[in-house]
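Remarks on the structure that follows.
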Amino acid sequence: MALPNEKRIAAMLPAGLLDVEPPAPAILRGLSARLARAFADSGYREVVPPLLERYDTYPQEACRDILSKALKLVGPSGEVLAVRHDLTASVLSQLRRCPDPAGLSRVFYIASVVRSLPSPSPKLTEHLQAGVECCREGAAADREVFLLAQDAMAAVGLSGITIHVGHAGLLNGVLRASGLKGPAIAKAHTALVDQSLPAFFTAIAEGGAGTDTDRATAVSALLRRWVAPAAAGEEGLSSFVQALADAGLGTWPFGLLALLEELVTLFRESAALHPSVRVVWNPLLVGSQPYYNGLVFQAFVPDLPSAVALGGRYDALVRAFGVGDGGVGFTIQLSEVVKLMGKIRSSLETGVSRGPVVVAAIDGYGRQARALAGILSDEGRAVARVIDVGDRAQAEREASLAGAAFLVLVDRRGYSETPLVRRTDLARGGVGLVPDGIH
């Protein structure tokens, strides 16, 4: 998103809304096409939810928090309308109007949402998103969507991905096993949605008073050790299982062991199909929306400050709309990906030369490198080669031999762009290409 004159935009647009200026539209078209192909190849059909809907047609109880962030307008007939503000809810509302919603159990979308945030200071926020909704129950659907999210991020060239995985149902089971009742669990859950860890642990302490205080204290101590999870993959999940057993919760009811077995399968399949993606078990992650009730996940890349993709299971919301018994989905924050690709493109544009680019993959990021090369080619950049190398030094040598003006590295740390400039090589009596800044 280009912001050449922030003062002008601030004066002419409501705060939180942005102009999409060149080259962002071209980047956006390319990214959207790649995501649409990835979703369609996985059996998902495209839907386009309407921009405006009647406010009173949404299930009010199930959508209370969603509707609180909706921008409301008065229509020509005096009816209250809601601007598209949550794509999961908008898609479910659209499916409800279809003659055969069961025939559209797998759908995808590429659309924008506008939200009205009342606090701490009233403002609007606009997000361009691409994602899927799978209106199916069970762990198999969870794994399908979780793996598709990784496929989609690779399809648009994102690298250095870390995914935090949690499970709202598993956490609620642990809290029940510690002696907490429904109201205390709901209060603790809301605190995590609001990203308030102090309020979460206060809810556990207050909810455990008068019941089994020792057990509630043990669970609180267990969860405090997982505020900043470090171990990745199945190892991190195994450590949590052992911690549950040590706290006396390993053999308790509430389906904890069954849920843990489903998560182990999820982690193993992810490691087999996407070995370059770092998956972290985070038991305190319950998602950014109160309607998540099962698997939840948020993906991060090094070059963006907030989650680039997020999703989870929302069975009660699907039932409230009457389009099935369960659902799971995810969304990619496409506006953030556009910014990232625009940053790379701007670096290439402002370099010392507009010559060809070499894209190099390190640590097994060949798929992402090829996707990025395709995006750059779509933008009119001449990509000389896509190479798999062992380290940066090898990448720079091969880029120099290819006569490249720029080297773009793709590895676990994300992207890095290195302009290559020409200089006179006195030893050889000729001209060579070397990385800018080290000559």
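The values are calculated or read from the model by the stated rules, or taken from the named source; none is laboratory data. All values derive from a computational prediction rather than experimental measurement. Neighbour counts run over all protein chains shown; Cβ positions are idealised from the backbone, glycine included.
Rundown of residues vs (1) assigned to a helix (DSSP H, G or I); (2) hydrophobic (A, V, I, L, M, F, W, C), yes/no style:
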residue: Gln368; (1), (2): yes, no
residue: Leu372; (1), (2): yes, yes
residue: Ile375; (1), (2): yes, yes
residue: Arg381; (1), (2): no, no
residue: Ala395; (1), (2): yes, yes
residue: Ala404; (1), (2): no, yes
residue: Leu409; (1), (2): no, yes
residue: Tyr415; (1), (2): no, no
residue: Pro419; (1), (2): no, no
Checklist outcome for this item: Across the range 157-185, the tally of residues that are closer than 30 Å to Ala33 by Cβ, touching a Lys or Arg at 6+ places or on another chain (Cβ under 9 Å) and surrounded by fewer than 22 Cβ atoms within 10 Å (Cβ to Cβ) stands at 2
Checklist entry - Quick one: would you say Gly380 is at negative phi, within 32 Å of the chain's Cα centre (by Cα) and modelled with pLDDT under 85? => result no
Item to check | Conditions (1) modelled with pLDDT under 90; (2) touching a Phe, Trp or Tyr at 6+ places or on another chain (Cβ under 6 Å): number failed by Pro122 | outcome: (2)
Next on the checklist: With the structure loaded, tell me whether Gly179 is on the phi > 0 side of the Ramachandran plot and either within 21 Å of the chain's Cα centre (by Cα) or at pLDDT 90 or above (or both) or whether it fails that test.
Outcome noted: no
Item to check | Matching residues in the range 113-135 - criterion: being surrounded by fewer than 18 Cβ atoms within 10 Å (Cβ to Cβ), of a type in the set (D, E, K, R) and closer than 30 Å to Ala155 by Cα | outcome: Glu126
Checklist entry - Is it true that some residue in the range 9-23 is under 29 Å from Cys134 (Cα atoms) and touching a strand residue (DSSP E or B) at 6+ places or on another chain (Cβ under 7 Å)? => result no
Item to check | Contacts under 7 angstrom Cβ, first residue in the range 166-178 being farther than 10 Å from Val296 by Cβ, partner surrounded by fewer than 24 Cβ atoms within 10 Å (Cβ to Cβ) and among the charged types (D, E, K, R), 6 or more apart | outcome: Ser178/Arg215
Item to check | Filter pass, Arg143 being among the charged types (D, E, K, R) and either in contact with a Cys (Cβ under 9 Å, 6 or more places away or on another chain) or part of a loop (DSSP other than H, G, I, E, B) (or both) | outcome: no
Next on the checklist: When you check Val280 against the structure, is it of a type in the set (A, V, I, L, M) and either within 19 Å of the chain's Cα centre (by Cα) or surrounded by fewer than 24 Cβ atoms within 10 Å (Cβ to Cβ) (or both), yes or no?
Outcome noted: yes
Checklist entry - Looking at Ala371, Ala395, which is the one that is buried (at least 20 other Cβ atoms within 10 Å of the Cβ) and more than 25 Å from the chain's Cα centre (by Cα)? => result Ala395
Next on the checklist: Can you report the number of residues in the range 292-330 which are among the acidic types (Asp, Glu) and part of a loop (DSSP other than H, G, I, E, B)?
Outcome noted: 2
Checklist entry - Residues that are touching a helix residue (DSSP H, G or I) at 6+ places or on another chain (Cβ under 6 Å): which helices (runs of 4 or more DSSP H) entirely in the range 4-95 hold 2 or more of them? => result 24-41
